[in-house]
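Visitor: Structure provided below as structure tokens; questions to follow.
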Amino acid sequence: MKKTILMILALGIYLIFIPDYSNFALELKAFAALAIIQILWIGRVFPLAHSSIILMLILSFHFFSYEETLSYIGSDIVWLLFSTFFISHSFINTGLASRVSLAVLKMSKGSSRSLILISYVLMFLLSLMIPSNVGKGSLVSSVFDDLLKNVRKIGEAENLGKSLFIGIAYITSISGSVVATGASSTIYTFGILNENMEGLNYVSWLLLFAPPTILFALILWLISLSVFPPEKIDSQALLQTLNKKSEEMGRLSLPEIKVIFILILILALWSTQHFHNISIPLTGLLGAALTITPKIGVWTWEEAKRAIDWDMVIFFAATIMVAGMLIKTGTINLVSDFLVNNIPLEMPILVLFLLILITALIRLIFVNVLGLLTIILPLSVTVGQSLSGLSPGVVTMAVFLAGVPGFLFVTQSPVHLIAFSYKYFTERDLLKIGSFSMIAWVMVITLAASLYWRLLL
């Protein structure tokens with residue numbers, strides 16, 4: 001019933017505002033198209049790919065030529081996302097991801113307090129190799145669940161479970177912003193910023209985003225220890241459990257060794273882009289091809305193509321189309337002019353803080369991060385061009401970080417739902433720690449934008 005109502009609403013907006021017989025301004029038609037696609041996406045009226053194809057039809061008939069619409073699918077950023085499915089799934093499917101996870105967790109030396117912090121470190125490391133928040137969340141959740149089941153045989157671990165699994169919900173998405181290929185939303189943002197900032201590459205992105213996100217991870221760790229003090233656990237018994245799990249995996253297999261060499265090659269090329277000028281998307285495609293190359297790779301094309309989330313690829317291309325429509329029709333400039341004429345531009349830091357806060361609040365109702373960024377990032381670039389003392393890049397980076405995590409509700413992201421499904425924390429637990437965490441996140445972003453990024457750029 002709900003989907004039927006939303007579908008009728010979307011159809012009504014289309015018939016009233018968009019066809020050629022309507023005399024509405026182009027900018028208003030663009031707003032109508034934006035409202036339609038958000039209704040379809042957020043309401044899940046159809047599968048994401050189906051709704052994205054409807055968007056392609058609307059754009060081709062009323063805003064772009066068909067060829068222009070299709071050109072967005074050929075974007076190098078879309079193909080980077082395509083390539084990362086191959087790389088990340090080969091890393092997971094060979095068992096290398098689980099091996100790395102256990103090796104990192106053993107660094108805690110069996111201390112429950114250290115285990116929480118080390119779990120954050122693990123998610124940051126996995127972001128280098130798994131550019132999917134859902135992929136990281138699923139992998140780490142299964143590892144932690146297995147670990148906690150064994151810990152419960154030793155003693156109580158209720159608060160430890162809360163801290164670890166709420167950490168998954170928060171740090172998974174935040175760690176995905178640290179590297180340019182860390183998540184689909186990060187890949188999209190990298191494409192936007194690459195057009196507006198000179199010299200942006202894999203290493204410079206890491207330098208920009210690692211310090212503020214690591215600072216927040218430390219703050220979150222302290223908040224977790226305060227709100228949910230972890231139980232004292234027999235450190236030797238915990239360490240023995242981790243060692244036993246590692247021993248069960250046996251020695252490194254040949255496929256794991258192959259993936260290690262492929263990952264080293266890709267990360268090396270990404271990190272040295274300023275020397276050879278091979279783009280990040282092209283390097284990603286090279287890595288994807290290597291994983292399916294006979295003798296070198298670890299699987300066949302028939303196996304690999306099943307790992308590709310084709311719906312996500314089409315949806316990702318559609319989000320770029322939405323941004324292109326808002327820019328081409330002048331809709332972004334219209335909204336930007338309204339904001340510029342109604343906010344105190346002589347206080348740029350205050351304006352930036354308000355943008356960060358508004359983005360964080362809007363994020364409470366936006367399950368789809370990519371859909372939110374499609375609207376707000378082009379706007380932040382335009383607003384940033386009107387602020388003295390702050391570059392468009394700084395404003396865009398701040399808004400991007402503000403829109404990444406969800407702190408208060410289980411429904412704010414698929415990773416939250418994955419972590420919540422293991423029943424180690426309640427919705428009340430999430431609200432309890434989320435209120436403090438959200439305030440800390442907003443303050444860290446504001447501090448980074450007003451001091452660190454301004455000094456670095």
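Visitor: Round to the nearest 10 and give me the degree value, 0 to 90, for the angle of helix 427-447's Cα axis relative to the longest principal axis of the chain.
Guide: 70 degrees
Visitor: A 29 angstrom limit on the alpha carbon distance is what I want to check against. Which of 106/295; 29/305; 109/149 exceed it?
Guide: Distance filter (> 29 Å) returns 106/295; 29/305.
Visitor: If the reach is capped at under 20 angstrom between alpha carbons, list the aspartates and glutamates near residue 3, excluding any in the same chain fewer than eight residues apart.
Guide: 311
Visitor: I've got another one for you. Once you sort the root eigenvalues of the Cα gyration tensor of segment 1-114 as a ≥ b ≥ c, which label holds: rounded (a/c under 1.5), prolate (a/b larger than b/c) or oblate (the other case)? If you can, show how the numbers build up before the last one.
Guide: Details: a/c = 3.59, a/b = 2.25, b/c = 1.59.
Note, shape of segment 1-114 comes out prolate.
Visitor: Right, another one. Take the Cα pairs of segment 344-427, get the Kirkwood Rh, then feed it into Stokes-Einstein at 20 °C and 1.002 mPa s and tell me D in µm²/s. Let's see the in-between values first.
Guide: Details: Rh = 13.7 Å.
It comes out at roughly 156 µm²/s.
Visitor: Please work out the C-alpha center-to-center distance from segment 57-100 to segment 232-290 and express it in whole Å.
Guide: 22 Å
Visitor: With the cut-off at 25 Å, tell me which of the pairs 232/432; 245/423; 136/232 have Cα atoms farther apart than that.
Guide: From the list (232/432; 245/423; 136/232), the Cα-Cα distance tops 25 Å for 136/232.
Visitor: Hey, what's the Kirkwood Rh for segment 153-311 if you take every pair of different alpha carbons, in angstrom?
Guide: 19.2 Å
Visitor: Compute the helix-to-body angle for 254-271: its Cα long axis versus the longest principal axis of the chain, expressed 0 to 90° and rounded to tens.
Guide: Here the helix axis deviates by roughly 50 degrees.
Visitor: Turning to a different aspect of this structure: At q = 0.21 Å⁻¹, what log₁₀ I(q)/I(0) does segment 220-354 have when each alpha carbon counts as one equal point scatterer in the Debye sum?
Guide: -1.19
Visitor: How large, in percent, is the carbon and sulfur part of the accessible surface of the chain at a probe radius of 1.4 Å? Don't skip to the answer; put the middle values down first.
Guide: On the way: 13170 of 19650 Å².
The C+S portion of the solvent-accessible surface of the chain is 67 percent.
Visitor: Please identify the trypsin sites (Lys or Arg not before Pro) of segment 421-451 that satisfy two criteria: DSSP loop assignment and at most 10 other Cβ atoms within 10 Å. Which are they?
Guide: Sparse-neighbourhood loop trypsin sites (Lys or Arg not before Pro): 423.
Visitor: For Cα pairs less than 8 Å apart in space and 6+ apart in sequence, what is the mean separation divided by the residue count of segment 250-407, i.e. the relative contact order in percent?
Guide: Once normalised by length, the contact order is 18 percent.
Visitor: Then there is this: Taking loop as defined by DSSP and a crowding limit of 16 other beta carbons within 10 Å, which trypsin sites (Lys or Arg not before Pro) in segment 279-361 fit?
Guide: 295
Visitor: How much length is gained if the chain between residue 71 and residue 28 is pulled fully straight, taking 0.36 nm per residue apart and subtracting their Cα-Cα distance, in nm to one decimal?
Guide: Numbers: separation 43, 0.36 × 43 = 15.48 nm, distance 2.42 nm.
Separation in residues times 0.36 nm, less the Cα-Cα distance, equals 13.1 nm.
Visitor: Using the heavy atoms of the protein chains alone and a 1.4 angstrom probe, what is the accessible area of segment 206-253 per residue in square angstrom? The partial results should precede the final answer.
Guide: Working: 2640 Å² over 48 residues.
That works out to 55 Å² for each residue.
Visitor: If you fit an axis through the alpha-carbon atoms of helix 76-93 and take the longest principal axis of the Cα set of the chain, what angle between them do you get, 0 to 90°, nearest 10?
Guide: That works out to roughly 20 degrees.
Visitor: Solvent-accessible area per residue for segment 84-144 at a 1.4 Å probe radius, Å²?
Guide: 28 Å²
Visitor: Next question, about the same structure. In square angstrom, rounded to the nearest 10, how much accessible surface does residue 94 have for a 1.4 Å probe?
Guide: That residue has around 30 Å² of solvent-accessible surface.
Visitor: Also, I was wondering about something else. At a Förster radius of 60 Å, what calculated FRET efficiency corresponds to the Cβ-Cβ distance of residue 226 and residue 21, to the nearest 0.05?
Guide: For R0 = 60 Å, the calculated efficiency reads 0.45.
Visitor: Sticking with this structure for a sec: What are the ³J(HN,Hα) couplings of segment 126-134, residue after residue, when phi is run through the Karplus curve with 6.51, -1.76, 1.60 and θ = phi - 60°? Round to Hz, x for glycine and proline.
Guide: For segment 126-134, the Karplus curve yields 5, 5, 5, 10, 10, x, 9, 5, 5 Hz.
Visitor: Something else: Per residue, how many Å² of accessible area does segment 406-457 show with a 1.4 Å probe?
Guide: 51 Å²
Visitor: Still on this structure: Give the accessible area for residue 128 in Å² (nearest 10); use a 1.4 Å probe, count only protein heavy atoms, and leave out ligands, DNA and RNA.
Guide: 60 Å²
Visitor: Same structure, new question: Please work out whether segment 402-457 counts as rounded, prolate or oblate from its C-alpha gyration tensor, where a ≥ b ≥ c are the square roots of the eigenvalues and a/c under 1.5 means rounded, while otherwise a/b larger than b/c means prolate and anything else oblate?
Guide: Cα axes put segment 402-457 in the prolate bin.
Visitor: While we're here: Any chance you could look up the accessible area of residue 279 with a 1.4 Å probe, heavy atoms only, rounded to 10 Å²?
Guide: Near enough 40 Å² of accessible area.
Visitor: Just from its helices, what would the mean residue ellipticity at 222 nm be for the chain, if runs of 4 or more DSSP H residues each count -39500 (n - 2.57) and the sum is divided by every residue, rounded to the nearest 500 deg cm²/dmol?
Guide: Theoretical 222 nm ellipticity from helices: -23500 deg cm²/dmol.
The values are calculated or read from the model by the stated rules, or taken from the named source; none is laboratory data. The structure displayed is predicted, hence computed values, not measured ones. Because the Cβ atoms are built from the backbone with ideal geometry, glycine has one as well, and the counts that use them run over all protein chains shown. These area figures cover heavy atoms from the full protein model, side chains too; ligands, DNA and RNA do not enter into them. Shrake-Rupley method; radii C 1.70, N 1.55, O 1.52, S 1.80 Å.
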